[in-house]
Amino acid sequence: MKLSLALTAVSCLAPSALGISQTLVDQYSFRHNSPDKFVGNSMWLFGEAGVYAFSPDGSEQRSHVPSSQVCEDPETYTGPSYRYCRFSDIVSDGKKYVWAGTSRAKSPISVFDIDSGSLVGTFESCKGPKDLEYHALRDEVWVRCSDLDANATDPTHLDVFSASNPSGQIQTDILLKDRAIEDGLSSNGYSVIHHTLGDVGYLTDDSNPNLFKIDLSNKEILDTIPLLPAVHGLYEAAYSPLNGHIFVRALMCCTCGSATADVMSCGRNDAPGYPVSPITGKGAGLKSVTGLCGRSCAGKEGVDSIGVYEFDTKTGRVVGTHVLAEGIGGDPYPSPDGRFIVLMGKNGGNTIRVLEAGPRGAPSTTLIDLKLSFSREGYENVSVASDFAFVERDDRTYLVMPSGTEHKVAIVDFTNDFEMKHVTFSEKAFENTAPHGRYRSVEWAVGTDYVWTNDSSEDEHYVIDVVNAKLVKTITGIARSTLVSVQNWDMVRESAQQDDMMVEVRAMQKQATEESGSASPIGIAALVIGCFALLVGIANLHVLSNMKSSASNVANAQLDTGVPSAVDTHFELAANASVTSSVQKSLA
């Protein structure tokens with residue numbers, strides 16, 4: 001038999017004999033003895049109708065978990081209607097599960113299988129989970145919570161789960177309030193957890209001017225870092241792994257209740273305000289004057305002048321502050337790779353400032369102030385958007401920004417001198433049922449040309465081709481949902497490694513075919529052995545993957561925090577891209 005025929009037989013038969021799959025669907029079937037359909041690269045919708053998974057172009061619904069499985073019984077639900085079946089944040093570990101924080105009174109963390117979309121279970125956590133972060137090297141999901149009460153057991157403002165073993169209990173002891181349990185211990189803020197920070201993380205509190213540094217191994221506060229100049233509190237936070245800088249929103253105090261105050265009204269229903277000591281605005285330097293603090297003072301000219309701190313995690317100091325073009329603060333949101341930080345504030349969407357991360361220790365620079373040409377009539381001094389998407393396609397970088405006052409999105413091509421195109425996705429009249437359209441989501445279906453957005457008043461979701469700037473699909477009948485792009489990046493990486501090995505096998509087969517007329521018996525034998533070695537290597541990928549999964553389960557069951565596994569940076573960045581939009585919160 002000719003060597004080429006022998007090698008053809010080896011390369012064609014060995015993979016199936018070893019149970020090795022060359023497609024993601026086959027890999028799923030090989031690993032799972034389940035009737036559930038493989039969802040693959042998909043867009044997930046989390047809302048009051050439950051959890052859906054669609055193909056990236058919206059042409060196929062691949063799974064649906066009904067609300068009866070993930071939400072509280074509507075007959076016994078006693079909370080406010082706007083919080084029913086509400087998902088506060090969603091994060092994927094990129095390999096096994098998708099995690100969602102919910103408004104459920106009990107078991108507020110819902111976990112879904114990444115390959116099928118099926119509900120794995122619901123799990124207890126600290127109350128009011130609002131910010132979820134996945135730490136790739138520690139294989140942990142960290143949860144920032146706020147709604148503690150006097151009856152809370154083991155109270156904490158930061159909870160943690162083993163990403164491989166959600167039912168494993170890990171005790172934390174992290175409280176950002178010094179006051180007694182009887183006072184409620186409520187603490188609103190965000191977390192910064194990232195594998196490039198090692199075993200530390202950072203937390204903010206909206207009524208505390210300090211940044212809290214957390215030991216992720218000992219589960220306790222390492223340090224409280226005052227950010228100067230001191231303000232009332234710190235809130236939204238964005239992290240750039242490129243320079244190790246954290247961008248933190250500063251919250252101010254302002255006077256209220258008179259024509260000469262910073263704010264005419266002190267709140268709804270003639271609220272009286274409370275004593276404050278502002279450092280900016282018309283009451284700067286005054287003590288115990290009637291006023292407000294926090295989000296109520298955001299966007300006020302002369303008050304919200306510090307904006308965003310830029311904090312260097314290496315030196316532990318502030319290297320700069322940033323505001324919008326109007327001189328007021330904006331909320332910071334990062335691009336998936338941390339190269340850009342987008343600032344959005346209460347200016348009716350007049351401008352969006354884009355910062356470009358600089359070298360470590362140096363302040364970031366303003367790349368551009370985008371004017372998106374959306375209608376602002378009636379919304380000049382409010383926030384109109386709180387989400388966006390960066391898209392990477394064919395060496396081009398696009399920013400997709402939705403309007404909060406019209407049924408359209410702006411697509412900005414960063415690699416073509418910021419060329420801007422607009423796509424109108426509905427001709428219906430805009431109805432402002434969601435405050436200023438701020439609850440409109442936008443999410444890139446990672447690895448494709450498609451971006452999704454939605455509308456709260458029409459119960460519709462729209463799929464837009466970013467490259468060609470056109471609407472390709474309208475999905476009706478599903479209430480406005482939080483959008484998250486999901487892919488099993490571990491499976492993608494393994495499939496790519498298998499493909500690389502098979503390329504080598506075929507290259508050796510081709511070489512042997514060309515040389516078969518003069519090849520020696522020893523050379524032929526060597527090539528055959530080499531082909532078998534490559535195929536055994538492919539099989540070992542499966543074995544090592546299973547061993548890694550088993551070892552991770554055992555380690556997490558014992559709550560061991562030993563040496564973490566390695567992470568492929570390319571696939572991790574892609575995985576991060578799929579969840580970035582989900583951490584961009586609606587403005588309070």
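A few remarks follow.
- The stretch between SER277 and VAL467 holds 63.3 nm of extra length on full extension. This uses 0.36 nm per residue minus the Cα-Cα distance.
- Here the Karplus curve 6.51 cos²θ - 1.76 cosθ + 1.60, taken at θ = phi - 60°, turns the phi angles of segment 192-202 into couplings of 10, 10, 8, 5, 6, 8, x, 8, 10, x, 9 Hz, with x standing for Gly and Pro.
- Estimated FRET transfer efficiency (GLU419, GLU377; beta-carbon r; R0 22 Å; 0.05): 0.25
- Bridgeable lysines around LYS282 (alpha carbons under 21 Å apart, same-chain partners fewer than 8 residues away excluded): LYS300, LYS346.
- Cα-based reach from LYS177 at 25 Å (exclusive), listing lysines while leaving out same-chain residues under 8 positions away: LYS106, LYS127, LYS130, LYS213, LYS219, LYS287, LYS585
- Couplings for segment 250-255, taken from phi via the Karplus curve 6.51 cos²θ - 1.76 cosθ + 1.60 with θ = phi - 60°, read 8, 10, 10, 10, 8, 7 Hz in order; Gly and Pro are left as x.
- For segment 158-291, the share of accessible area belonging to carbon and sulfur comes to 49 percent (1.4 Å probe, ligands and nucleic acids excluded).
- Rg followed by Dmax, in Å, when segment 207-316 is reduced to its Cα trace: 16.1, 52
- Taking amide hydrogens as placed 1.01 Å from N in the peptide plane, the amide H of PHE414 sits under 5 Å from those of THR397, TYR398, LEU399, each at least 5 positions away in sequence or on another chain.
- In sequence order, calculated HN-Hα J values of segment 48-53 (Karplus, 6.51, -1.76, 1.60; Hz; x Gly/Pro): 5, 8, x, 10, 10, 10
- If only the Cβ of Lys and Arg carry +1 and only the Cβ of Asp and Glu carry -1, the dipole of segment 325-419 around its Cα centre is close to 220 debye.
- Sorting the segments 214-223, 135-144, 102-111 by their mean number of nearby beta carbons within 10 angstrom, highest to lowest, gives 135-144, 102-111, 214-223.
- Cross-link reach list, lysines versus LYS473, counting only Cα pairs under 17 Å and skipping chain neighbours closer than eight places: LYS408, LYS428
- Bridge orientation summary for segment 255-382: considering DSSP beta bridges with both residues in this region, about 95 percent are antiparallel.
The values are calculated or read from the model by the stated rules, or taken from the named source; none is laboratory data. Values in this document were obtained by computation on a predicted structure and should not be read as measured data. Cβ coordinates were reconstructed from backbone atoms using ideal geometry, including for glycine residues, and neighbour counts include every protein chain displayed. Surface areas here come from the heavy atoms of the whole protein model, side chains and all, with no ligands, DNA or RNA. Shrake-Rupley method; radii C 1.70, N 1.55, O 1.52, S 1.80 Å.
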